[in-house]
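Visitor: Before I ask anything, let me first share the structure, which is written out below as structure tokens.
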Amino acid sequence: MLHSPVLRSVRLGIKSLLLHKLRSLLTTLGVLFGVSSVVAMLAIGEGASAEAQEQIKQLGSQNVILRSVKPPEDLVSNQSTRVSSYGLTRLDFERIIDTFPWVRRAVPVRELLQEVRHGRRKLNPRVLATTPDYLAVTGRILAEGRFLSQRDEDLVANVCVLDDEAARYLFPFDSPLGKRIKIDADYFTVVGTLLPRVRTADDPAAAGAAVTGEVLLPQRTGQRWFGELQVKIRSGSREMEEVQLHEIIVEVDRPEHVPLVAAACREMLRRNHRQQDYEVVVPLELLARAEETKRIFNIVLGSIAGISLLVGGIGIMNVMLATVTERTREIGIRRALGAKRRHIVMQFLVEAVVLSVGGGLLGILLGLAIPWLVEWYADLRTIVTPEAPALAFGVSVATGLVFGLYPAWRAATMDPVEALRHE
Amino acid sequence: MEIVASLREVSRVYKMGDNEVRALDGISHDFGAGEYWAIMGSSGSGKSTLLNILGCIDRPTSGSYRVRGQEMADLDDDDLSELRGRHIGFVFQSFNLIPQLNVLENILVPLFYQDDPPPDGEERAVALAERVGLGDRLDHRPLELSGGQQQRVAIARSLINDPALILADEATGNLDSHTTEEILDLFDELHAEGKTILLVTHEDEVGTRAQHVMRLSDGRIAELVENGGGR
Ligand SMILES: Nc1ncnc2c1ncn2[C@@H]1O[C@H](COP(=O)(O)OP(=O)(O)OP(=O)(O)O)[C@@H](O)[C@H]1O
Ligand SMILES: [Mg+2]
């Protein structure tokens, strides 16, 4: 049985290449590095933009987020107990609501350091005092019950909403709806629970392992029971903090107004704060930054890939030219025995492609290992899409074809008589 | 008698700068089917050049060459390749087996390149290997065989396409007298079966085994000799 001509050419190509194992291996290195760069580049770029996309989804693409940031400690005050006052103020919030165009709505968020109990179960969640718009602005979804309402605000009601994690920890066996939990010294009725959200590295809740779960209170309720001062106990020293608002989430009416509102916020804060005790996070800017990172990675790795493939391709061409010369007599024999020019072209082209694809396959393996290492050491997220190895494979086949063509053509156009006479 | 190969005023001129070498100079001859010819002559007399043209790996500079009635000038490179693969068997002085292929694969090479190869190629190759006494060496590489064995593989290879013309250029030139004898016996057998054989040689002992002898001198036919009785 004669097998399919292509398969036979591939087998023959492998056989011929195995006659010079080391030479063949060295020849594949260029393609190997080129292809692995392609795979790694795509994985890192993909990871960066997926990360950004997720952050944006979570932070809201039409939002501008203002956060309080504790300024660097002034070295003058060195007592064990002191009050540091910093961060966003209610006045900032009022200014944004009242004077900024294009702002659809804004929610203030104040974070309280409180312990939460139900029966004998204790939890240290993020206790957030905020307004009813919080739900819509953050895009979070109710699991059960209802969210905080304007009526709760007006009545300064002792109600709260639990996120999935807090609900499951405090009420492992039954629904928390209508139950009361204790925050500090007071009781609060649970009126609703939230679905969990996907966490990213940028999520403050994920950063500190001690903080688990979220409990949401009406803003005025929080203010009434817990005041403005908070006590932090840190390495033996008591530290008092006065922060009016920890976060202001501003929702803009249309995406194209986001940069304008962000600029206005920055300008407003710069004018009204004596120190840099705030930050402005613009999810859309995160996307732009991620795209920039991706672009730089693509340029760097793309150049490495391009140069490696070029060098690899030239290496293949060089070795194939040597092979063709070495096997001049074989070419003559095959021509005398009936091989047409296209058969000879095919034979050497297949051999070149086998070389480059061999390098390509090894390169794909290396290219899959690089993102894995990057993820491990550089803490960058990477995503290997199925298209990446496919593209890399295609690139290696193309390299073999392009750089194998000239040697193959040289082989095919030899004069059979001359070739047979070759020593 | 059927004519397999027909030469009319065939010349082959090599141009080397200003001077030209007339390797063949107006050769006209018909080779009939089933004939066994020895082509002889001193070195440089044009024997190999003639055989290359007869084998369609070289073209005459002028004149006409017909193989099995086909005018060579009418055929392009692919047609000539197909013609060689189907109707011509080559046996070379230096055996010219392909080193990375084993015995069986070497015998099969001419069938690889035919437009529609016969379905029973592999069986035929095995039968031919057995016929030349190498049935137990099918998976050996050429370098693992003696010269005589290699030449027998080459003969098996030249027979795989059931050729109209077997061309052998100094086929025994690299072999000792005993092995030469074996190979010549094989050619005798093939001749007895009705194959057309053209054998280039400069050894008289080899030449006398053929039915006819063509003597070349300076690219011309010097004499045609019938050997004792013929067959
Ligand atoms: N490619 C070539 N270029 C130039 N001259 C050539 C070429 N091939 C053959 N010749 C010349 O043609 C003439 C015939 O050569 P050919 O090889 O046919 O001789 P030959 O009879 O086979 O000799 P030998 O017995 O030595 O093999 C010689 O003079 C040779 O120098
Ligand atoms: Mg010769």
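The values are calculated or read from the model by the stated rules, or taken from the named source; none is laboratory data. Just so you know, these numbers come straight off a predicted model, no measurement behind them. Positions of Cβ are generated from backbone atoms using ideal geometry, with glycine treated the same way; all protein chains shown enter the neighbour counts. What goes into the accessible areas is simple: the full protein's heavy atoms, side chains included, and nothing from ligands, DNA or RNA. Shrake-Rupley method; radii C 1.70, N 1.55, O 1.52, S 1.80 Å.
Visitor: For A:LEU91, which of the numbered conditions (1) assigned by TED's automatic domain parsing to the domain that holds A:VAL159; (2) at pLDDT 85 or above; (3) within 33 Å of the chain's Cα centre (by Cα) fails to hold?
Guide: Result: A:LEU91 fails condition (3) only.
To keep it simple, each residue is scored yes or no on (1) open to solvent by less than 40 Å² (accessible area, probe 1.4 Å); (2) touching a Gly at 6+ places or on another chain (Cβ under 9 Å).
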| position | (1), (2) |
| --- | --- |
| A:ARG8 | no, no |
| A:ARG11 | no, no |
| A:LYS15 | no, no |
| A:HIS20 | no, no |
| A:SER24 | yes, yes |
| A:THR27 | yes, yes |
| A:VAL31 | yes, yes |
| A:GLY34 | yes, yes |
| A:ILE56 | yes, no |
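Visitor: With the range A:78-170 as the region, which strands (runs of 3 or more DSSP E) entirely inside it contain at least 3 residues that are within 30 Å of A:ALA263 (Cα to Cα) and not aliphatic (A, V, I, L, M)? Spell out the reasoning first.
Guide: Values: elements: A:82-85, A:103-112, A:116-118, A:121-123, A:126-130, A:142-145, A:159-162.
Fully inside the range A:78-170 and qualifying: A:103-112.
Visitor: Starting from the range A:84-95, take each residue that is closer than 15 Å to A:GLU242 by Cα and list its partners that are among the basic types (Lys, Arg) and not in a helix (DSSP H, G or I), counting only C-beta distances under 7 angstrom and pairs at least six apart or across chains.
Guide: Listed pairs, sorted by first residue: A:TYR86/A:LYS70.
Visitor: Another question, if that's okay. Being within 9 Å of another protein chain (Cβ to nearest Cβ) and surrounded by fewer than 20 Cβ atoms within 10 Å (Cβ to Cβ) is the filter; apply it to the range B:59-85 and report the residue that is nearest to B:GLY207 (Cα to Cα).
Guide: B:LEU83
Visitor: Looking at (1) assigned to a helix (DSSP H, G or I); (2) touching a helix residue (DSSP H, G or I) at 6+ places or on another chain (Cβ under 7 Å), which is the only condition A:LEU310 fails?
Guide: (2)
Visitor: From A:ARG271, A:ARG238, A:ARG234, which residue is surrounded by fewer than 20 Cβ atoms within 10 Å (Cβ to Cβ) and modelled with pLDDT of 85 or more?
Guide: Numbers: A:ARG238 fails: modelled with pLDDT of 85 or more; A:ARG234 fails: modelled with pLDDT of 85 or more.
Of A:ARG271, A:ARG238, A:ARG234, the one residue that is surrounded by fewer than 20 Cβ atoms within 10 Å (Cβ to Cβ) and modelled with pLDDT of 85 or more is A:ARG271.
Visitor: Tell me which residues, restricted to the range B:91-100, are within 9 Å of another protein chain (Cβ to nearest Cβ) and either within 19 Å of B:ALA127 (Cα to Cα) or without any contact (Cβ under 8 Å) to a residue 40 or more places away in the chain (or both).
Guide: Just the residues of the range B:91-100 that are within 9 Å of another protein chain (Cβ to nearest Cβ), to begin with: B:92, B:94, B:96-100.
Hit for the range B:91-100 is B:LEU97, nothing else.
Per-residue answers, yes or no, for (1) away from ligand 2 (no atom under 16 Å from the Cβ); (2) under 20 Å from B:GLY219 (Cα atoms); (3) assigned to a loop (DSSP other than H, G, I, E, B); (4) at pLDDT below 95:
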site	(1), (2), (3), (4)
B:GLU20	yes, yes, no, yes
B:GLY26	yes, yes, no, yes
B:GLY44	no, yes, yes, yes
B:ARG66	yes, yes, no, no
B:LEU80	yes, no, no, no
B:ILE98	yes, no, yes, yes
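Visitor: From the set of residues in the range B:29-57 that are farther than 22 Å from B:ASN227 by Cβ and open to solvent by 20 Å² or more (accessible area, probe 1.4 Å), which is farthest from ligand 1 (Cβ to nearest atom)? Show your work before the answer.
Guide: Here is the first cut: in the range B:29-57, the ones farther than 22 Å from B:ASN227 by Cβ are B:43-44, B:48-49, B:52-53, B:55-57.
Keeping just the survivors that are open to solvent by 20 Å² or more (accessible area, probe 1.4 Å) gives B:43-44, B:48, B:52.
Numbers: B:SER43: 3, B:GLY44: 4, B:SER48: 3, B:ASN52: 8 Å.
Restricting to residues being farther than 22 Å from B:ASN227 by Cβ and open to solvent by 20 Å² or more (accessible area, probe 1.4 Å), the top hit is B:ASN52.
Visitor: Restricting to the range B:183-200, name every residue that is within 16 Å of B:GLU170 (Cβ to Cβ) and either open to solvent by 10 Å² or more (accessible area, probe 1.4 Å) or away from ligand 2 (no atom under 16 Å from the Cβ) (or both). Let's see the steps before the verdict.
Guide: Residues of the range B:183-200 within 16 Å of B:GLU170 (Cβ to Cβ): B:183-184, B:186-187, B:197-200.
Passing the criteria: B:ILE183, B:LEU184, B:LEU186, B:PHE187, B:ILE197.
Visitor: Got a number for residues in the range B:158-188 being within 14 Å of B:SER94 (Cβ to Cβ) and within 13 Å of chain A (Cβ to nearest Cβ)?
Guide: The total comes to 3.
Visitor: Say whether the condition of being over 25 Å from A:LEU368 (Cβ atoms) and over 26 Å from the mean Cα position of the chain (by Cα) is met by at least one residue in the range A:21-44. Break it down into steps so the answer makes sense when it comes.
Guide: Taking the range A:21-44 first, the residues over 25 Å from A:LEU368 (Cβ atoms) are A:22-23.
When the remaining residues are screened for being over 26 Å from the mean Cα position of the chain (by Cα), the result is A:22-23.
Checking the range A:21-44: at least one residue is over 25 Å from A:LEU368 (Cβ atoms) and over 26 Å from the mean Cα position of the chain (by Cα).
Visitor: I'd like to verify a number: residues in the range B:101-130 that are within 8 Å of chain A (Cβ to nearest Cβ) and of a type in the set (S, T, N, Q), how many?
Guide: 1
Visitor: If you go through the range A:329-347 one residue at a time, do you hit one that is out of contact with any Phe, Trp or Tyr (no Cβ under 8 Å at 6 or more places or on another chain), without any contact (Cβ under 8 Å) to a residue 40 or more places away in the chain, open to solvent by less than 70 Å² (accessible area, probe 1.4 Å) and within 12 Å of chain B (Cβ to nearest Cβ)?
Guide: Checked against the condition, which is being out of contact with any Phe, Trp or Tyr (no Cβ under 8 Å at 6 or more places or on another chain), without any contact (Cβ under 8 Å) to a residue 40 or more places away in the chain, open to solvent by less than 70 Å² (accessible area, probe 1.4 Å) and within 12 Å of chain B (Cβ to nearest Cβ), the range A:329-347 yields at least one hit.
Visitor: Quick check: anything in the range A:370-384 assigned by TED's automatic domain parsing to the domain that holds A:PHE348, in contact with a Gly (Cβ under 8 Å, 6 or more places away or on another chain) and β-branched (Val, Ile, Thr)?
Guide: yes
Visitor: Return a yes/no flag: does the range B:14-31 have any residue that is touching a strand residue (DSSP E or B) at 6+ places or on another chain (Cβ under 8 Å), closer than 30 Å to B:GLY133 by Cβ and not hydroxyl-bearing (Ser, Thr, Tyr).
Guide: yes
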